[in-house]
Amino acid sequence: MANVLRNSAKFGFSGVLSQLSIHSRHGRECVSPCFSLQQRNNSTSPKIKVDLDNSTGVAVLRMQSPPVNSLSLDFLTEFCINLEKLEMDKSCRGLIITSTLSKVFSAGLDIMEMYGKSPERCGEFWKAVQEMWLKLYGSNMATIAAINGSSPAGGCLMSIGCDYRIMADNPRYSIGLNETQLGIVAPFWFKDTLVNTVGNRAAELSLELGLLYSAPDALKIGLVDQLVPEDQVLSTAQDTMSKWLAVPDHARQITKSMMRKQTIDKLLSNSLQTMPDRSPSP
Amino acid sequence: MANVLRNSAKFGFSGVLSQLSIHSRHGRECVSPCFSLQQRNNSTSPKIKVDLDNSTGVAVLRMQSPPVNSLSLDFLTEFCINLEKLEMDKSCRGLIITSTLSKVFSAGLDIMEMYGKSPERCGEFWKAVQEMWLKLYGSNMATIAAINGSSPAGGCLMSIGCDYRIMADNPRYSIGLNETQLGIVAPFWFKDTLVNTVGNRAAELSLELGLLYSAPDALKIGLVDQLVPEDQVLSTAQDTMSKWLAVPDHARQITKSMMRKQTIDKLLSNSLQTMPDRSPSP
Amino acid sequence: MANVLRNSAKFGFSGVLSQLSIHSRHGRECVSPCFSLQQRNNSTSPKIKVDLDNSTGVAVLRMQSPPVNSLSLDFLTEFCINLEKLEMDKSCRGLIITSTLSKVFSAGLDIMEMYGKSPERCGEFWKAVQEMWLKLYGSNMATIAAINGSSPAGGCLMSIGCDYRIMADNPRYSIGLNETQLGIVAPFWFKDTLVNTVGNRAAELSLELGLLYSAPDALKIGLVDQLVPEDQVLSTAQDTMSKWLAVPDHARQITKSMMRKQTIDKLLSNSLQTMPDRSPSP
């Protein structure tokens, strides 16, 4: 399988998945809406760096897990722990999520977490994906995604889990829930979050075709809220955050909950259905 | 009544309906969201022609029932049988629906099926309308409407039942659920399909006023996805279909079902409510 | 408290509310999504003037309660009585709502109805707000808001309760559900009506930030349907109304009910939840 992965890396993610599913057809393994490749990193160097500015109440969470900020179990666990810490910290009112890597925000779920893994491990991984989304989509903090690179699949999910999305104005960067292209199915809560963001029809087209949108196209359909030059993504996020924090927290939080509670409750009450469907390769 | 019909044909469909409802006020007849006029055709010449290209897996279904491809019971029965055959045919993965007639895709439900007919016959007709929509909206095939002419009422329903809509870029061609203009009410599943396609507010305006949109206006509100010169409608549909078929079938099918199942289930569980309201003429 | 109000009037509504909530923190008073200030007017001069043109079947309801058409209990009661009269009048088919005041359509709920008032009085007031919305959103008449001035908070609710919105093309006039800015939370049925009008994402942004939109921006997100020069707002509403009344009433009414019934029923079945959350000042 190592060979398969090495070889298919040349062909992009779609090729990888096709070949992987051939090889894993007989095993009891789960397939996920991811596509990034990453060597398991056993080092203990943190994959996430958080800086909280106590004067403004704004934390910047930097994803720094080369090569592409894959959402592995380790990454997600670290992400959730950091999110929880900030959520409990009364001095933190706003969260900006960005990447330290060049050209990529996050390439999504780590494919290596799902192939050749035991169902238990697989379940643990999916629980972590859900936890990430639940914490982010329901956060009491004002959350802004400073998308300074491509953000497919799980990276897109993380982005649309925030309150606001600012993306680098670079047509080579793309964002979208492209799982279907890879022969897999985005879970219903990915779908619900997308529908909430871009509406039913754009979500339908987007998911049936597994579309990745260039930054300008993403703006057109409302998948991101604003494009700025690449070197101004973070500073614009900081400026925008100060507008969000000018709104009384309590009223904003209750309003946010009113908007998002139904979607969150649906996942919570459907936890048994959240394992995505296994779909054979074409 | 034949006289009424002959006379009112001059005034367009709205006039027809007004006069018809005067004449049918006392009978127990159902009124439908249709407006096309068509002599009952007792010939056995097929109203639909299907060509399946086995090399591409794409079928083209041509509606060829002059003068306006009215959706009569005969037409709908033939349509559904053809759809079912293609659905069962493993070699068919994509369906393009178009018209052989000049200037019209389909003028919608055949009014003659509902006036002066027994409730039983009327029920049979409405069952066929539902069946057409259920089969189309829930099809496992990728479906594209190649709308090469006007497509009001039931013709619009057929179009928005597909996955994608390409329309001739001709401002004289119109599309829309214009039932209200005719003094009748679009059934809830017409409404649901429209809301899924253009969103709640555009659907509300559209249905309350019974609006017909010119091709350019239809594109603006998202009622169709693309306009192309009239002579390129079918070829563009073929090109577009090849993009749809590049997506793994199984993932696309499950995703489509995830998007549309709720709307389909609503009709299935409300079959008693599907007879449209009778509304008096103004 | 009179001093507080006088002083804070200088700082705009937000300042008012912040200070008011400090002063009322200990009492059992309800806070509402309003912000207009108005001396209680004990005179019996009517706050609303209705002219029904029997030749056209169109009534014009003019709000004439200086300085800003605040929705006080008296105002709402008068409004509802007039609405009910017109609703019962078979000769009235269309309703245009506008303001006689310069620069303001309605500044929303009257803040004085909620501070320092008994829970009973407060409940009576909220019942009147709901009644206004229920009657308007569910009206059998075709309803057009001729928005000839600013229309924040409750004024916006009134506008989006109509079938169609024509606003003066003046960038200094604004409209929106800006409650959150004031530290308070718009009730769920305000939210539902906004989502129905501009879609989920625009409503989410709008409500989380308590945004007021200038007339041109309101048009962009679909919060109003049309902008016209200020002196043509009413005449355009009259012209537009004649198009609405060209649609058969009965079909339009059933269609409208089909579109809005679910939202209305949700309020009716949740009447115990309709008291908005009390939110502390920041």
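Only one residue in C:Ser235, C:Ser242 is among the small types (Gly, Ala, Ser), away from every other protein chain (no Cβ under 13 Å), assigned to a helix (DSSP H, G or I) and surrounded by fewer than 21 Cβ atoms within 10 Å (Cβ to Cβ), so which one is that?
Working: C:Ser242 fails: away from every other protein chain (no Cβ under 13 Å).
Answer to the check: C:Ser235.
Within region B:105-113, is there a residue that is in a helix (DSSP H, G or I), open to solvent by 10 Å² or more (accessible area, probe 1.4 Å) and out of contact with any Asp or Glu (no Cβ under 9 Å at 6 or more places or on another chain)?
Of all residues in region B:105-113, those in a helix (DSSP H, G or I) come to B:111-113.
From what's left, open to solvent by 10 Å² or more (accessible area, probe 1.4 Å): B:112.
Next, only the ones that are out of contact with any Asp or Glu (no Cβ under 9 Å at 6 or more places or on another chain) stay: B:112.
For region B:105-113, residues in a helix (DSSP H, G or I), open to solvent by 10 Å² or more (accessible area, probe 1.4 Å) and out of contact with any Asp or Glu (no Cβ under 9 Å at 6 or more places or on another chain): present.
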C:Thr98, sole failed condition from (1) closer than 25 Å to C:Ala251 by Cα; (2) touching a strand residue (DSSP E or B) at 6+ places or on another chain (Cβ under 7 Å)
(1)
State the number of residues belonging to region B:52-93 that are touching a residue at least 12 places away in the same chain (Cβ under 8 Å), outside any loop (DSSP other than H, G, I, E, B), closer than 23 Å to B:Ser235 by Cα and of a type outside the set (Lys, Arg).
11
Surrounded by 24 or more Cβ atoms within 10 Å (Cβ to Cβ) and modelled with pLDDT under 95 - does that describe any residue in region A:162-173?
no
Candidates C:Gln226, C:Gln262, C:Gln253 - the one that is more than 8 Å from every other protein chain (Cβ to nearest Cβ), open to solvent by 10 Å² or more (accessible area, probe 1.4 Å), of a type in the set (S, T, N, Q) and more than 21 Å from the chain's Cα centre (by Cα):
C:Gln253
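Would you be able to tell me the number of residues in region C:114-139 that are of a type in the set (Gly, Ala, Ser), in a helix (DSSP H, G or I) and without any contact (Cβ under 8 Å) to a residue 60 or more places away in the chain?
Pass one, region C:114-139, residues of a type in the set (Gly, Ala, Ser): C:116, C:118, C:123, C:128, C:138-139.
Now narrow it down to the ones that are in a helix (DSSP H, G or I): C:123, C:128.
If we keep only those that are without any contact (Cβ under 8 Å) to a residue 60 or more places away in the chain as well, we get C:128.
Result for region C:114-139: 1.
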Number of the exception - A:Ala146 against (1) surrounded by fewer than 24 Cβ atoms within 10 Å (Cβ to Cβ); (2) under 13 Å from the mean Cα position of the chain (by Cα):
(1)
Among (1) at positive phi; (2) surrounded by 22 or more Cβ atoms within 10 Å (Cβ to Cβ), B:Pro187 falls short only on (1)
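Working only within region C:114-141, note down all residues that are polar (S, T, N, Q) and open to solvent by less than 10 Å² (accessible area, probe 1.4 Å). Write out each step before concluding.
At the first step, the residues of region C:114-141 found to be polar (S, T, N, Q) are C:118, C:130, C:139-140.
The answer is C:Ser139, and nothing else.
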Among the residues of region B:174-184, how many are of a type outside the set (S, T, N, Q) and open to solvent by 10 Å² or more (accessible area, probe 1.4 Å)?
1
Regarding C:Thr193, is this residue touching a residue at least 60 places away in the same chain (Cβ under 8 Å), in contact with a helix residue (DSSP H, G or I) (Cβ under 7 Å, 6 or more places away or on another chain) and either open to solvent by 10 Å² or more (accessible area, probe 1.4 Å) or among the β-branched types (Val, Ile, Thr) (or both)?
yes
Among (1) in contact with a strand residue (DSSP E or B) (Cβ under 6 Å, 6 or more places away or on another chain); (2) of a type outside the set (D, E, K, R); (3) more than 14 Å from chain A (Cβ to nearest Cβ), the one test that C:Tyr137 misses
(1)
Among (1) away from chain B (no Cβ under 14 Å); (2) among the charged types (D, E, K, R); (3) out of contact with any helix residue (DSSP H, G or I) (no Cβ under 6 Å at 6 or more places or on another chain); (4) closer than 25 Å to C:Val195 by Cα, the one test that A:Lys220 misses
(1)
Region B:196-210, residues that are open to solvent by less than 10 Å² (accessible area, probe 1.4 Å), more than 7 Å from chain C (Cβ to nearest Cβ) and either among the aliphatic types (A, V, I, L, M) or over 16 Å from C:Thr143 (Cα atoms) (or both):
B:Ala203
Within region B:210-231, track down each residue that is in contact with an Asp or Glu (Cβ under 9 Å, 6 or more places away or on another chain) and without any contact (Cβ under 8 Å) to a residue 40 or more places away in the chain.
B:Gly210, B:Leu211
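The values are calculated or read from the model by the stated rules, or taken from the named source; none is laboratory data. Just so you know, these numbers come straight off a predicted model, no measurement behind them. When we count neighbours, we look across all protein chains shown, and the Cβ atoms used for this are built from the backbone with ideal geometry, even at glycine. Each accessible area value is taken on the protein alone, full model and side chains, heavy atoms only, with ligands, DNA and RNA left out. Shrake-Rupley method; radii C 1.70, N 1.55, O 1.52, S 1.80 Å.
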